[in-house]
Amino acid sequence: MTFYPEDENDSSSDSNTSSSESSGTEDNGQGDFPSAEDQKKVAHKITANKQRNKNWSKKRRVTEQKAIEEHVTNLPPESGTATFHMKVSKLDLFPQITAETKKRKLQRKAAKAHQKKNGGPKLAKDPIIARPPTNDEIASARLIVKDRSQFRLFDHGHVRIFDKKLTKEKKKQIIADITFTDLNTISAQKRENLDFLLKFLETSKKFVNHVGSKGRSCGGYMWAIGWRKSMTRLEIVGRYVNREAIKKNQAEFRKHIHDSFKASEILWELFFKIGNVALEANHQFMTEHHLPCFAAPELQTQTEASSLPNSKKSFSTNLTFTSNGFFNHPHKDDRDDERLPFAFLLSLPSFKSEGKLAFDSDGYDVKEDSINMEPSNLKKPEILLEWGCRYKLLGKQQTF
């Protein structure tokens with residue numbers, strides 16, 4: 001059950017009012033007992049407050065459902081869905097790094113002002129990038145995240161999380177829609193599809209270099225396939241592409257490009273049940289702006305794109321995937337369009353060497369501490385996590 005400050009205040013207010021009225025009741029020869037008339041007034045107030053809270057709860061549920069249907073899914077809700085309202089507040093897990101970065105920016109600002117006033121050599125224009133955290137800083141941050149008085153752990157079922165604060169338009173904002181699935185219960189077809197997807201991502205590593213530039217990674221590895229946001233020309237990963245590997249393995253690369261259409265369709269089917277409205281909004285946006293899906297081998301006209309395999313199920317121009325506990329500093333990409341507030345993340349336990357699902361029966365084990373500052377913090381390995389959040393598209397492999 002979720003408690004709201006409004007409810008608590010109301011409850012507290014009712015109690016105070018009742019106590020005040022009781023203490024102010026004149027002694028009519030009945031000792032400390034209030035008169036029948038006063039008792040009737042108190043009962044009326046209690047009934048009115050209960051009805052008010054009931055009306056508020058009903059109004060809140062209607063607002064929640066409207067937000068879900070407008071932005072996430074209009075499919076019938078799953079049974080057992082848990083809804084939470086959270087107060088969103090900023091928490092700096094690495095305050096020392098923040099202070100250092102702020103100091104460097106102020107120093108550069110002062111240096112620019114001095115150079116402008118007094119002249120001299122031009123100053124460096126390279127961006128100021130926060131340093132990666134040390135092992136001790138990561139350990140301290142992990143202790144904060146594991147503190148259940150500050151963070152709530154979700155590890156099963158279907159969870160929807162709303163921002164407790166309304167927008168300026170008095171609307172509910174959705175923070176996340178999370179679905180956990182026991183992989184032991186999935187169908188043979190779904191397991192086959194997931195194994196295909198994992199194998200596809202493993203093969204991708206042969207043709208792309210992992211992101212390794214300073215400031216983009218604080219730990220672990222990330223790869224990306226598809227189209228860069230510049231949309232200037234076809235590159236499977238833009239500047240991260242391994243051109244030499246493609247030249248040496250052209251036949252395998254062509255097959256990999258062909259497999260990407262099936263991978264795109266599998267991802268669509270996985271996310272459709274929890275976010276069909278968000279998926280279709282992404283697809284519509286791509287159609288209107290003639291954007292290629294990450295599986296497209298080259299830029300197409302709208303007519304040509306509509307004839308591509310699975311083009312009606314495209315929802316992203318690129319796909320990134322990670323391993324070894326990848327994480328970086330929080331950031332916002334100003335190039336992301338505000339009309340597409342949701343992205344999709346898939347977390348799977350997998351074997352790096354084989355590119356397939358991993359189960360504890362295979363000797364696979366995930367410990368909570370082994371997942372380095374990841375949003376899911378899985379306790380068990382046999383869990384499939386699908387969720388939407390306000391970040392760029394991620395297809396995440398949790399542990400390799």
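Label-to-label distance, Glu100 versus Phe359, with points set 7 angstrom from Cα along the beta-carbon direction: 4.6 nm. Within the straight-line cut-off of under 23 Å between alpha carbons, the lysines reachable from Lys146 are Lys87, Lys90, Lys164, Lys367, Lys379, Lys380, Lys396, sequence neighbours fewer than 8 places apart in one chain being disregarded. Computed over segment 106-175, relative contact order equals 14 percent, with contacts defined as Cα pairs under 8 Å that lie 6+ residues apart.
Relative to the Cα centre, the charge distribution of segment 79-208, modelled as +1 at Lys and Arg Cβ and -1 at Asp and Glu Cβ, gives a dipole magnitude of about 1240 debye.
Taking a sphere under 11 Å around the Cβ of Thr203 and counting the other residues whose Cβ falls inside, with K and R at +1 and D and E at -1, yields a net charge of +1.
Stretched out straight at 0.36 nm per residue, the stretch from Glu252 to Glu69 would grow longer than its current Cα-Cα span by 61.7 nm. The calculated FRET efficiency for the pair Asp92 and Arg191, based on their C-beta separation and a Förster distance of 35 Å, comes to about 0.30. Residue by residue, segment 58-71 carries 3J(HN,Hα) couplings of 5, 5, 5, 5, 5, 5, 4, 5, 5, 5, 4, 5, 7, 10 Hz when phi is fed to the Karplus relation 6.51 cos²θ - 1.76 cosθ + 1.60 (θ = phi - 60°); x denotes Gly or Pro. All other residues whose Cβ lies under 15 angstrom from that of Thr134 are scored, Lys and Arg at +1 and Asp and Glu at -1, for a net of -1. Given R₀ = 45 Å, what would the calculated FRET efficiency be for Ser35 paired with Ala139, taking r from the Cβ atoms and rounding to 0.05? Plugging the Cβ-Cβ distance into 1/(1 + (r/R0)^6) gives 0.10.
Among residues other than Asn74 with Cβ under 15 Å from its Cβ, the summed charge is -3 (Lys and Arg +1, Asp and Glu -1).
Note on Asn324 and Thr287: the model spin-label points, each 7 Å out from Cα along the C-beta direction, lie 4.2 nm apart.
Every read-out reported here was derived from the displayed coordinates using simple, explicitly stated rules and does not represent laboratory data. As the structure is a prediction and not an experimental result, all values here were calculated from the model. Note that each Cβ is placed from the backbone with ideal geometry, even for glycine, and that neighbours are counted across all protein chains shown.
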